[in-house]
Amino acid sequence: MNFIKNTPYAILALSGILGMGYLIYDYKKCQKELNQFEADLIKFQKDQDLNKDPQDFFFESKDVPVNSKLSSNVQGPRQTFCICITGGPGSGKTSVVTFLQERLRDFQYNVIVVPLLDDYILGQDQEIIQKLSKQERNQFIIKKVMLMQNLLDYSKELAKQVKDKDSIILCQGGILDLLSYQDEKDQIFQDLHDEFKPLATLRDKNYDAVIHLVTNADGLQKNFYFGNSFINRDQEIKKAIDADKQIQKIWMGHPNHFLIDNRGLTFDKKIQRAYKTVQKILGRVQTNIRWSKWLLKSIRIPSAQYHTKIKITDIFFLDNNSQNQKEINRVRMRQVEGGLKQYYQITTKTSKNKEDVQFLRRIISFSQFHQLVNKGQNQMKILKRDRICFTCQNQLMQVDLFEQKQLGILRLTINDATESYAVPKWIVIDKRIDNNPKYDSFNLAQLKEP
């Protein structure tokens with residue numbers, strides 16, 4: 001009788017043991033497949049380059065609207081977007097966040113605002129921290145970084161509990177703002193690197209997009225109110241501009257980094273541009289890709305010029321749609337120097353008149369990247385580039401170096417107020433190539449000779 005009663009439990013226990021054994025086997029099998037895939041991809045890239053003769057590269061060394069969900073971390077029918085509104089002192093972050101909060105709620109978004117940490121402690125910590133030793137000061141800054149990280153994580157968990165609408169987290173300043181005043185060689189960066197492994201995690205994983213508002217001290221001085229600007233105005237203006245440039249540097253390299261300067265704008269128009277940028281991020285506005293592209297003759301980056309290097313590998317899938325260039329599909333592997341690899345699925349759609357171009361991008365996991373590449377591995381082209389990002393006179397610039405193609409392209413962002421471009425003297429440009437299809441990425445991927 002006892003044997004009969006216990007038999008079902010014995011069968012369940014045996015099933016559990018066998019199930020665990022299968023999971024372990026399946027995990028090891030998946031790991032083996034991933035390792036083999038990476039090896040196959042490297043071999044494929046090498047095979048593509050076999051017929052190319054080695055040549056010296058002529059360059060000398062020392063995005064884009066987002067119309068779809070940027071992050072796939074949150075599962076389920078509802079989405080959560082995390083947008084950082086940053087900028088130098090007196091740039092209008094509070095006014096912009098307040099405006100966005102009201103407008104986005106009108107569109108039935110659940111909006112969570114993460115205010116500046118200094119709003120909690122009223123900036124009193126600065127007076128105290130300055131009296132400490134450098135080591136003690138660094139420890140307090142690290143604690144402040146961890147506090148902001150915990151606050152951001154809490155906000156994301158809170159957003160997940162909202163089941164009936166999409167959520168937007170607006171961060172009034174970002175975690176990296178705390179580090180913009182620190183020396184790049186300071187021990188604090190190594191300590192944070194050990195904590196987050198790598199430090200770029202703080203920049204790339206926390207925020208779906210970063211909107212930098214240039215301080216009003218640079219171009220909109222009549223709207224600049226900060227600190228003792230009424231008493232020592234010239235001194236405060238200089239300090240604000242210097243701080244703004246440091247914050248631009250610290251965020252350089254984020255995959256969705258937007259810079260809103262003050263050229264040709266009133267403060268109200270600046271707010272409207274910020275709102276329009278958020279609409280693009282959320283996919284509420286379909287826009288053309290707005291980059292001005294110039295062919296490079298040469299470039300020599302000064303050692304004093306801060307810049308970020310990014311390695312990008314695009315894999316284009318060849319089909320009927322791509323050949324007539326109505327719809328081009330690709331996956332991208334992107335890695336900021338010292339950062340994590342990120343993977344994207346990108347679709348470029350062109351209308352019949354070839355003037356309206358829609359650029360759709362979403363983050364995918366490595367396993368999704370793996371599946372897409374395996375599916376189209378017999379019909380694909382690979383294009384590799386080194387991208388250098390920097391700012392010049394509050395203008396976001398990118399230089400794409402295609403070493404295998406012996407080619408370089410300068411990319412400048414275009415906005416409604418831009419009439420001319422301030423190209424640095426250490427960059428020599430040849431001609432504008434915006435409307436030349438020869439220099440589209442898809443065509444460059446198929447180009448065999450420089």
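The values are calculated or read from the model by the stated rules, or taken from the named source; none is laboratory data. Source: prediction; values computed, not measured. Every residue, glycine among them, receives a Cβ derived from its backbone with ideal geometry; neighbour counts consider all protein chains shown.
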Is there any pair linking a residue in segment 101-117 that is over 9 Å from Ile168 (Cα atoms) to one that is among the basic types (Lys, Arg) and not in a strand (DSSP E or B), with Cβ under 7 Å and at least six apart or on different chains, and which?
Gln108/Lys165; Leu117/Lys144
Consider Leu116 carefully, then state whether it is under 18 Å from Leu178 (Cα atoms), outside any helix (DSSP H, G or I) and modelled with pLDDT under 80.
yes
Looking only at residues in segment 184-216 that are modelled with pLDDT of 85 or more and in contact with a Gly (Cβ under 6 Å, 6 or more places away or on another chain), which one is farthest from Leu151 (Cα to Cα)?
Asn216
Heads up, the helices (runs of 4 or more DSSP H) in segment 143-258 (entirely inside) with at least 1 residues that are loosely packed, with under 15 Cβ neighbours inside 10 Å are 187-196, 233-251
Which residue is nearest to Leu282 (Cα to Cα), if the candidates are limited to segment 352-377 and must be modelled with pLDDT under 75 and part of a loop (DSSP other than H, G, I, E, B)?
Asp356
Given the condition part of a strand (DSSP E or B), modelled with pLDDT of 85 or more, within 15 Å of Trp291 (Cα to Cα) and over 17 Å from the mean Cα position of the chain (by Cα), answer yes or no: does some residue in segment 410-418 qualify?
yes
Sort out which residues of segment 310-341 are modelled with pLDDT under 85, within 16 Å of the chain's Cα centre (by Cα) and among the basic types (Lys, Arg), and write them in order of number.
Lys341
If we scan segment 381-393, do we find a residue that is in a loop (DSSP other than H, G, I, E, B) and either at pLDDT 85 or above or touching a strand residue (DSSP E or B) at 6+ places or on another chain (Cβ under 9 Å) (or both)?
no
Here the qualifying pairs (Cβ atoms under 9 Å; residues six or more apart or on different chains; first in segment 120-137 and within 16 Å of Asp183 (Cα to Cα) and modelled with pLDDT of 60 or more; second surrounded by 11 or more Cβ atoms within 10 Å (Cβ to Cβ) and not aliphatic (A, V, I, L, M)) come out as Gln130/Arg137; Lys134/Asp186; Lys134/Gln187; Gln135/Gln187
